[in-house]
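Just so it is clear, none of the values below were taken in a lab; they were calculated from the coordinates. This one's a predicted model, so the numbers in the text were calculated from it and none came from an experiment. Reconstructed Cβ throughout: ideal geometry from the backbone, glycine too, with neighbour counts over all protein chains shown.
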Number of protein chains: 2
Amino acid sequence: MAFPQRVNMSDVARAAGVSVATVSKVVNGRYGVAQATVERVQQVIHQLGYEASLGAQSLRSHRTNVLGILVAEFEPFSTELLKGASAEVTGTGYQLLAYSSGDAAGTAVGWERRSLARLSGTLIDGAVIVTPTVVETKQGFHVVAVDPHTGPSGLPTVDSDNFAGAVLATNYLLSLGHRRIAHISGRADLESSRLREAGFRQAMADAGVAVDERLVRVGGFRIESAAGTAAEMLALPDRPTAVFAGNDLSAISTMDVARCMGLSVPDDLSVIGFDNVPESALVNPPLTTIMQPIQRMGAEALRLLVDLIAGVERDSHIRLPTELVVRASCRPYSPPSSPL
Amino acid sequence: MAFPQRVNMSDVARAAGVSVATVSKVVNGRYGVAQATVERVQQVIHQLGYEASLGAQSLRSHRTNVLGILVAEFEPFSTELLKGASAEVTGTGYQLLAYSSGDAAGTAVGWERRSLARLSGTLIDGAVIVTPTVVETKQGFHVVAVDPHTGPSGLPTVDSDNFAGAVLATNYLLSLGHRRIAHISGRADLESSRLREAGFRQAMADAGVAVDERLVRVGGFRIESAAGTAAEMLALPDRPTAVFAGNDLSAISTMDVARCMGLSVPDDLSVIGFDNVPESALVNPPLTTIMQPIQRMGAEALRLLVDLIAGVERDSHIRLPTELVVRASCRPYSPPSSPL
DNA sequence: GTGAAAGCGCTAACAC
DNA sequence: GTGTTAGCGCTTTCAC
């Protein structure tokens, strides 16, 4: 069954013996078309398999019933978000368009602005932007930011309680008896990273444990960048007995490095992550981590966007709770057994 | 930093004191523009933050450097694929646009045709369609199907070796001593489902074990639909000791049902799945399953699409191998201990 | 080297 | 009720 060619509105009009304007009215359910005509046109549309071109439609009408999700790349975090948004969108009448700028995260600053400029005003009626660095609001175009890199702006936002989560993680390590605890952070310009580090310091202070500043270092939130940081800290003469990694990828990277250095996780080193991306359960040992309800964040962001477009008055800052997920990468501290 | 309005090409033209035609030439790197003009225009573009509208651009030029990935919804399988495609796309110069029709899988037949009609000819230069039922080729538009529901057509295809994988799964259960093995299939119209059932039957036959037809039933590949099927089979007087579920979701569903019926997995019932979506490792007990290299399938599909567009001659049917992933949901068969 | 003008597929006024 | 027309933002001849 091969359609020879893309069929457009004039094809339909010709076949139905009406003008394109009439076809347009039928397609969009406008009033002022005879019942008989409506039926005839619909029949032809069905026969020819006509579907309005998103590009042309949006160019003209500025309303497409398509919502955009803009990401730098499709990695575990953004795809979890996508699942949540996808589940939430059913029944709203909107369709979802996820757009990846193709830049590896951090590679090109400003991807969010470029993607937004490319799609807004045409194509999509609103957008969810995932972990944007800069956000600028265009007039009459609705945007929701998920886990933005900078602190709260006027923009509608969905994030999780990074500070409380970090406290949770640190307290867990403390409760296992660890005192030499390292923290691998993301980057100073990332709001979530700053909050996690702050939570770490708060929990340490509350427990009366001094933070060794040599054990707090930037890891960049990515596998490769975190590896170097982990290696440095684990090579210290008085290396940490536990690591609170700023996100799961850093934690996984730390476990890799530890293994390469002949250290066993969790026997010689406890590691806890942050995010609970599916991948965290797949590593060996399965990673103990702080769960952000990522899918729910996606769902909430989508719902918020739909409400904003509909003009519903509501709180436009959503913060979801985090939770400790205990797996197998942490263990109570025991002093190193002295050689026999 | 709030941009008041979307800036378009005439804004740039006006600010630079040239015509839109010239701006277009600069944007697209066409020859025949004075060096000085090029620089001036580029400066203005940068200042104003201009970015070409994808909608308008595609409408006119039929070339956008954007590749589409069309899915029914964003669920574990399609998002894994997305990760693979996303990794592969970097460096090709293309950007990725994932489009979800918003129909829950199986809800609306023909989503793939509608989505394709909406985006092709405008917006995207080619498409990867995920698990399409019907596929029709449009002239001059390149499409790659991943795991299509119907058997090999002329269309370029990427799938995994479903038959061999099913044999692997069944042999594993047989090697554990199981003989009453059930199979929950997808649907008869799904090629992957048919092949998995065929592999199951082949392995059973090769082992000289008769298939009890009451233990081979349709489950539909989704959590809800598989639950009923699982419940029926587990309620049989001589219930199976092991289940080979047609995909991970069916397997997870079966484990749920078993738990509800007071059966322990794997003590009372062994369960093996198919796909190895990340979620399969997250359930309790972690699911033993057959891995399809989903991310690699996404990467291969993308690469194939890029090559097709570039006119590269190559084999357009890619079949990737499957592999057994042993986790904790299966155990050697032991006769039920008789009550004391 | 540059700009005017046509037109991609569609929608929205406004005529008829 | 229906068709004519203009124009969304852009690219592309083709004059100048």
Checklist entry - Among residues other than A:Ala98 whose Cβ falls under 13 Å from its Cβ, what is the net charge (Lys/Arg +1, Asp/Glu -1)? => result -2
Checklist entry - For region A:228-340, what is the convex hull volume of the alpha-carbon atoms per residue, in Å³? => result 117
Checklist outcome for this item: In terms of the charge dipole of the protein assembly as shown, which places +1 on Lys and Arg and -1 on Asp and Glu at the beta carbon, the residue among A:Ile129, A:Pro266, A:Val325 farthest towards the positive end is A:Ile129
Next on the checklist: Using the alpha carbons of region B:73-220, what is the convex hull volume per residue in cubic angstrom, as a whole number?
Outcome noted: 129
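So what is the diffusion coefficient of the protein assembly as shown in µm² per second by Stokes-Einstein at 20 °C and 1.002 mPa s, using a Kirkwood Rh over Cα pairs?
78
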Checklist entry - Out of region A:152-255, which GluC sites (Glu not before Pro) are coil in DSSP terms and have no more than 11 other C-beta atoms within 10 Å? => result none
Checklist entry - When Lys and Arg each count +1 and Asp and Glu each count -1, what net charge do the other residues less than 14 Å away from A:Ala203, Cβ to Cβ, add up to? => result 0
Item to check | Diffusion constant of region B:162-292 at 10 °C, which comes from Stokes-Einstein with the Kirkwood Cα-pair radius and 1.306 mPa s, µm²/s | outcome: 114
Next on the checklist: Between B:Val134 and B:Asn284, what is the label-point separation in nm under the 7 Å Cα-to-beta-carbon projection?
Outcome noted: 4.6
Checklist entry - For chain B, what does -39500 (n - 2.57) per DSSP helix run (n ≥ 4), summed and divided by total residues, give at 222 nm, in deg cm²/dmol to the nearest 500? => result -12500 deg cm²/dmol
Checklist entry - Taking the alpha-carbon centroid of each part, what is the distance from region B:197-213 to region B:124-146 in angstrom? => result 35
Next on the checklist: Once R0 is set to 60 Å, what does the formula 1/(1 + (r/R0)^6) return for the Cβ-Cβ distance between B:Met261 and B:Arg30, expressed as a FRET efficiency to the nearest 0.05?
Outcome noted: 0.30
Checklist entry - Using the beta-carbon distance between A:Ile223 and A:Leu324 and R0 = 25 Å, what value does 1/(1 + (r/R0)^6) give for FRET efficiency, to the nearest 0.05? => result 0.60
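Compare the peptides A:254-262, A:116-124 by average per-residue count of other Cβ atoms within 10 angstrom and give them in order, highest first. Mind dumping the intermediate values first?
Values: A:254-262: 17.9, A:116-124: 24.1.
Per-residue mean Cβ counts within 10 Å order the peptides as A:116-124, A:254-262.
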Item to check | Low-density loop cleavage sites - GluC sites (Glu not before Pro) in region B:276-340, where at most 12 other Cβ are within 10 Å (DSSP) | outcome: B:Glu313
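So for region B:1-160, what percent of the C-alpha to C-alpha distances run longer than 30 Å?
Cα-Cα pairs of region B:1-160 separated by over 30 Å account for 33 percent.
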Checklist outcome for this item: Taking a crude spin-label model, label points 7 Å out from Cα along the C-beta direction, the B:Arg114 to A:Ala235 distance in nm is 5.8
Checklist entry - From largest to smallest, what semi-axes in whole angstrom does chain A give when each is the square root of 5 times an eigenvalue of its alpha carbon gyration tensor? => result 52, 19, 16
Next on the checklist: Could you tell me the center-to-center distance, by alpha carbons, between region B:274-317 and region B:7-23 in angstrom?
Outcome noted: 45
Checklist outcome for this item: Of all DSSP beta bridges having both residues in chain B, the percent classed as antiparallel (nearest 5) is 10
Checklist entry - For A:Asn28, what charge total do you get from the other residues with a beta carbon under 12 Å from its beta carbon, if Lys and Arg give +1 and Asp and Glu give -1? => result +4
Checklist entry - A:Arg217 label points, 7 Å along Cα→Cβ, one per copy: pairwise distances from this copy to the rest in nm, shortest first? => result 5.8
Next on the checklist: Along the charge dipole of the protein assembly as shown, pointing to its positive end and built from +1/-1 on Cβ of Lys, Arg, Asp and Glu, which listed residue (B:Gly177, A:Gln47, A:Ser253) has its Cα farthest out?
Outcome noted: A:Gln47
Next on the checklist: Give me the percent relative contact order of chain A, please, defined on Cα pairs under 8 angstrom at least 6 residues apart.
Outcome noted: 17
Checklist outcome for this item: To the nearest 0.05, the calculated FRET efficiency linking A:Asp212 and A:Ser334 through their beta-carbon distance, R0 being 25 Å, is 0.80
